[in-house]
Structure formats: C-alpha cells, structure tokens
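See below for the structure under consideration.
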Amino acid sequence: MIDDFDPPTQTDETERIRKRAIQLLDRRAMSAKELMDKLTQKGEDPHQAEDAVHWLVEIGLLCDASYAEQVVRHYGDRGYGRRRIQQELWRRGVSRDLWEVALETLPEERDDLDRFIQAKLRGEIPDRREEKRVADALARRGYTWDEISAGMRRYLESVEE
C-alpha cells in the first residue's frame with residue numbers, strides 16, 4: 001500500500017493562478033511586486049498569488065534585476081534623467097539595491113540634455129520666461145538643477161559664438 005502512495009501534486013487552483021501569472025507576463029514585462037498586485041487586483045488569493053510569483057522567480061521567468069535594466073534602458077533612450085528613472089523604478093516596485101546596479105548602465109546624460117535644450121530653443125537666445133519653461137521641462141524629465149543650469153550655460157555659450 002505504501003508503494004502506491006502518490007504525493008499530492010499542485011492543485012488545479014495553483015495551476016490556474018500560475019497560468020494566469022504567465023499570461024500577464026506574456027503581455028508585458030513587470031516586476032514581482034507589479035505582478036503580485038495585478039494578480040490580487042484580479043481577485044486572486046494573496047497567498048496563492050505570492051506562491052505563483054515565487055515559482056516564476058525560481059524558474060527564471062521573473063527577474064527584477066533584468067526588469068530594472070530594461071526600464072533604465074527604455075527611459076534612458078527616451079532622454080529621461082536619473083531622478084526620473086529612479087522614480088519610475090520605485091513606482092514599479094523595484095527594490096532600491098537593484099536601482100543602483102541598473103542605473104550604472106545609464107549613458108552620460110549631458111548629450112541628451114544638450115539635444116533637448118537645442119531642440120526646444122532652436123538656436124535662439126531665450127528670454128527668462130522661455131528659459132524657465134525649458135528648465136521646468138528638464139526638471140520634470142528628472143534632471144537636477146545643477147545639470148540644467150550647466151546645460152543652459154553650454155547652450156548660451158554656443159549660441160553667442
């Protein structure tokens with residue numbers, strides 16, 4: 001009799017939640033926290049959702065480190081600054097220790113900032129209002145005041161020549 005014993009396998013419910021989690025990941029990449037939140041929002045039991053997320057991490061289909069790098073690359077390519085990318089990583093539930101590693105791959109921001117200023121001002125010398133508008137736009141994109149003022153100085157120097 002003992003030889004005929006089959007250990008219990010995953011339940012139909014566990015399998016259903018795991019399939020749902022895979023389908024959500026198939027639609028778009030997300031962090032473990034985002035996936036957990038999405039599953040619970042869709043009415044799944046939090047404990048079973050957490051089990052599905054841990055299972056996906058174990059088998060390598062869910063990795064917050066590579067997701068963080070993907071987010072940094074995406075927003076870096078779009079010309080966003082370091083602070084804005086950090087904000088986006090926080091919003092998506094990526095842990096802070098993974099930010100630092102992922103942000104090391106971010107290229108030098110100076111070129112993006114200079115191109116943005118050049119595109120907005122088109123070779124003209126801005127008045128104070130226009131300068132503030134561009135500076136505010138750069139701040140929303142995650143650049144620090146020091147980076148913005150240095151970029152504006154470089155722009156004004158190039159225009160005055």
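Annotations
- Set against the labelled values (i) 93, 28, 21; (ii) 40, 34, 29; (iii) 43, 40, 37, Cα extents along the principal axes in Å computed from this structure falls on (i).
- Applied to segment 130-137, the Karplus parametrisation 6.51 cos²θ - 1.76 cosθ + 1.60 on θ = phi - 60° returns per-residue 3J(HN,Hα) values of 5, 4, 5, 4, 5, 4, 5, 5 Hz, with x for Gly and Pro.
- Local net charge near Glu124, Cβ-Cβ under 14 Å (Lys/Arg +1, Asp/Glu -1): +1
- Cα-based shape type of segment 11-62, given that a ≥ b ≥ c are square roots of the gyration tensor eigenvalues and the cut on a/c is 1.5: rounded
- Compactness relative to 2.2 N^0.38 Å, alpha carbon Rg of segment 49-112: 1.22
No value in this document is a laboratory result; all are computed from the given coordinates. This structure is a prediction, so every number in the text was calculated from the model and none was measured. A quick note on method: Cβ atoms are made from the backbone with ideal geometry, for glycine too, and the neighbour counts reach across all protein chains shown.
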